[in-house]
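Student: Structure in structure tokens, see below.
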Amino acid sequence: MDISKRRGIMYPSFEIYGGVSGFYDYGPIGSRIKQNIEQLIRDYYVIDEECLEVKCPTLSPEAVWIASGHLENFTDLMTECLKCGEAYRADHLIEEHTKKSCEGMHISQLDDLIEKNRIKCPKCGGNLDKVYNYNLMFQTFVGPGKDKESAYLRPETAQTTYLAFRRLWEAGRKKLPLGVLQVGRSFRNEISPRQGIIRLREFNQAEIQFFVEPDKKSIENFDQVSKIKTKIATKDDKEFNISLENAVKKRIIKIQMIAYFLGRSLQLFEEMGINPKALKLRQHKDEERAFYSTDTWDIEYISKIFGKIELVGVSDRTDYDLKAHMDLSKQDMTVSYEGKKFIPHVVEIAYGIDRPFYCVIESCYREEKDRAFFKFPQEIAPYRAGIFPLVRKDNLPEKAREIFELMKKERIHTFYDQTGSIGKRYARADEIGIPECVTIDYETMEDNTVTVRDRDTKKQIRVGVDELCEFLLK
Ligand code: GAP
């Protein structure tokens, strides 16, 4: 995180006013990397999986959250110190104390554990109040005066995708499965978030809703992922190192579509630069699963610093959401398809962006004897290349700018730098993970070739200016 702040990758928001936990800025370098991560997800789903993409408001009227169940159920269990007023997530506080999981416990069980273990406020030692349900949604009002309407910032993008299902059904030419991607911001008023960008109050998601026939949760392309071997933990604590094909055959993962998208997500994370050896599939236990799901699987990354980080959740949301909105809005969500009439079921793939972003940073960081750098894959790196004149004289800067302008025209995002020694410029480029450095030297002026230095191997080769675009793109 320290390196990240210094290199303009990310830093706490509102720093000049002391910051507010749970909010982070993406800096100039981080914004590029985040954009590239989002684009990779978009390419997987919009191009490969033929999904439609939508963008909906982040603020929705109360009715949406009454229907979805979030107003009643999207809660964490909280306790407050009776002396200093500090708020704590009750389950986390007890787990830190007892080193045992409180997953799925009721309010009365948590109250008992606080009493039995004599747990006090970690800040001031005061007594803790009774545990209660705390809703994680941010509330606000739309409009002024007597007409103002209660509204909430969305805690997931998914819900806003469901609302326009009838229009999406038309746009998708009334075919199933119908996949719809939404990339955007979500908000959760988390209780005392303390893990940097792992738990944010305003965060980024890329969520895909696959509308399917209720009894057809299989997929034609399963062989694309079937041979992937991975670590799996089931809800009854069994662990396997098994191929996805066998996991489905042995009914460890019961729904083939879930196994398929877990496999695609493993491929996606590896392409982003996340260490595949640190990834694991984990099924949610019955008591931890969200109220809208009948089966959920996460991909977790085991971080050197934060421990387990959940990157994506793949869930069978059945017809829960469409049915809920049909009941409250009285709008028909049924479809007539291949001679049957039904409410489509939803298989959801819910990616966070910020957590994978962190895992890319952690996985790609390298320290060598004489340098520290990020080994980002080309598609993720903030720039394709650095363009450097060897010296600031003899027309080398002019030639370098000419090449820089050529890259701009070809829409190859490069970075121009002429300050400091060439060694220092290489080091600066390595520090932010630029894959190639292009140096314009005296030979360039004679034969129109440049030196291209590779970030990872430090090897240098000569490339003709005429072939440079193609070389960098490849
Ligand atoms: N629509 C389903 C849904 O929202 P989720 O497991 O609550 O499911 C999906 O969230 C993903 O969003 C998570 O796997 C995680 O990557 C990301 N996420 C959730 N809460 C977050 C938070 N407070 N800060 C950062 N990322 C978060």
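The values are calculated or read from the model by the stated rules, or taken from the named source; none is laboratory data. Note that the coordinates shown come from a computational prediction; the quantities given were computed from them, not determined experimentally. For neighbour counting, all protein chains shown are included, and Cβ atoms are generated from backbone atoms with ideal geometry for every residue, glycine included. Side chains included, ligands, DNA and RNA excluded: accessible areas come from the protein's heavy atoms. Shrake-Rupley method; radii C 1.70, N 1.55, O 1.52, S 1.80 Å.
Student: Under the definition of Cα pairs under 8 Å and six or more residues apart, what whole-number percent is the relative contact order of the chain?
Tutor: So the answer I get is 13 percent.
Student: Just add up the charged neighbours of Glu207: K/R +1, D/E -1, any other residue whose Cβ is under 13 Å from the Cβ of Glu207.
Tutor: With Lys, Arg at +1 and Asp, Glu at -1, the net is 0.
Student: Of the accessible area of the stretch 64-196, with the probe set at 1.4 angstrom, what percent is carbon plus sulfur?
Tutor: Percent of accessible area from carbon and sulfur atoms in the stretch 64-196: 47.
Student: Could you work out how far apart the two model spin labels at Lys254 and Glu62 are, taking each label as a point 7 Å from the Cα in the direction of the beta carbon, and quote it in nm?
Tutor: Computed distance between label sites Lys254 and Glu62 equals 3.7 nm.
Student: Could you check the spin-label model distance between Asn133 and Ile461? Points 7 Å from the Cα along Cα→Cβ, value in nm.
Tutor: Result: 6.3 nm between the two label points.
Student: A 21 angstrom limit on the alpha carbon distance is what I want to check against. Which of Lys34/Lys458; Lys99/Lys285; Lys254/Lys280; Lys100/Lys238; Lys34/Lys55; Lys130/Lys308 exceed it?
Tutor: Listed pairs above 21 Å: Lys34/Lys458; Lys130/Lys308.
Student: Under a plain spin-label model, where a point goes 7 Å from the Cα along Cα-to-Cβ, how far apart in nm are Phe342 and Glu470?
Tutor: 5.2 nm
Student: On to the next question. Provide the packing ranking of 217-227, 32-42, i.e. peptides ordered by the mean count of other C-beta atoms within 10 Å per residue, highest first.
Tutor: The peptides rank, most packed first, as 32-42, 217-227.
Student: Let me ask another. May I ask you to derive the FRET efficiency for Ile302 and Asp215 from their Cβ-Cβ distance with R0 = 35 Å, giving the value to the nearest 0.05?
Tutor: With a Förster radius of 35 Å, E is 0.45.
Student: Here's something else I'd like to know. Could you tell me how many cubic angstrom of Cα convex hull volume the stretch 79-140 has per residue?
Tutor: Given the Cα convex hull of the stretch 79-140, per-residue volume reads 93 Å³.
Student: Can you work out the base-10 log of I(q)/I(0) for the stretch 348-457 at q = 0.19 1/Å, using the Debye formula on its C-alpha atoms alone?
Tutor: -0.96
Student: Where a ≥ b ≥ c are the square roots of the eigenvalues of the C-alpha gyration tensor, would you call the stretch 157-229 rounded, which needs a/c under 1.5, or, failing that, prolate if a/b is larger than b/c, or oblate?
Tutor: Judged from the Cα gyration tensor, the stretch 157-229 comes out oblate (a/c at least 1.5, b/c at or above a/b).
Student: Continuing with the same structure: By its C-alpha gyration tensor, with a ≥ b ≥ c as the square roots of the eigenvalues, how is the stretch 393-453 shaped: rounded for a/c under 1.5, else prolate for a/b larger than b/c, else oblate?
Tutor: Since a/c reaches 1.5 but b/c is at least a/b, the shape of the stretch 393-453 is classed as oblate.
Student: Let me ask another. Note down the net charge around Ala90, summing +1 for each Lys or Arg and -1 for each Asp or Glu among other residues with Cβ under 9 Å from its Cβ.
Tutor: Around Ala90, the charge tally is -2.
Student: For the chain, what mean projected area does the convex hull of the alpha carbons give, in nm²?
Tutor: The Cα convex hull of the chain, projected and averaged over all directions, gives 28.5 nm².
Student: Could you give the length gained on full extension between Gln267 and Glu310, defined as 0.36 nm per residue of separation minus the Cα-Cα distance, in nm?
Tutor: Additional length available on full extension: 13.9 nm.
Student: Moving on. Over the heavy atoms of Ile299, what accessible area does a 1.4 Å probe trace out, to the nearest 10 Å²?
Tutor: 0 Å²
Student: Turning to a different aspect of this structure: When ligands, DNA and RNA are left out and all protein chains stay put, how many square angstrom of accessible area per residue does the chain have with a 1.4 Å probe?
Tutor: Solvent-accessible surface per residue comes out at 49 Å².
Student: So how much slack lies between Glu115 and Glu405, counting 0.36 nm per residue of separation and subtracting their Cα-Cα distance, in nm?
Tutor: The span from Glu115 to Glu405 would gain 97.5 nm if fully extended.
Student: Using R₀ = 25 Å, calculate the FRET efficiency as 1/(1 + (r/R₀)^6) where r is the Cβ-Cβ separation of Ser21 and Lys148; round to 0.05.
Tutor: 0.30
Student: Below 8 Å, C-alpha to C-alpha, sequence gap of six or more: please give me the relative contact order for the stretch 405-474 in percent.
Tutor: It rounds to 22 percent for the stretch 405-474.
Student: Using r as the Cβ-Cβ distance of Glu170 and Asp370, and R0 as 45 Å, what FRET efficiency do you calculate, to the nearest 0.05?
Tutor: 0.15
Student: Still on this structure: Taking every pair of distinct Cα atoms and averaging 1/r, then inverting, what Kirkwood hydrodynamic radius in Å comes out for the stretch 268-358?
Tutor: Its Kirkwood hydrodynamic radius stands at 15.3 Å.
Student: Give the list, by residue number, of cysteines in the chain with no other Cys Cβ closer than 4.7 Å, or say none.
Tutor: So far as the 4.7 Å Cβ criterion goes, Cys51, Cys56, Cys102, Cys359, Cys364, Cys437, Cys469 stand without a partner in the chain.
Student: Sort largest first and round to whole Å: the equivalent ellipsoid semi-axes of the stretch 191-248, each the square root of five times a Cα gyration tensor eigenvalue.
Tutor: Three semi-axes, in Å: 30, 20, 12.
Student: Next question, about the same structure. Grab the Cα-Cα distance for Glu95 and Phe222, subtract it from 0.36 nm times how many residues apart they are, and report the gain in nm with one decimal.
Tutor: 41.8 nm
Student: Also, quick follow-up: Between 0 and 90 degrees, rounded to the nearest ten: what's the tilt of helix 107-116 against the longest Cα principal axis of the chain?
Tutor: With rounding to tens, the tilt is 80 degrees.
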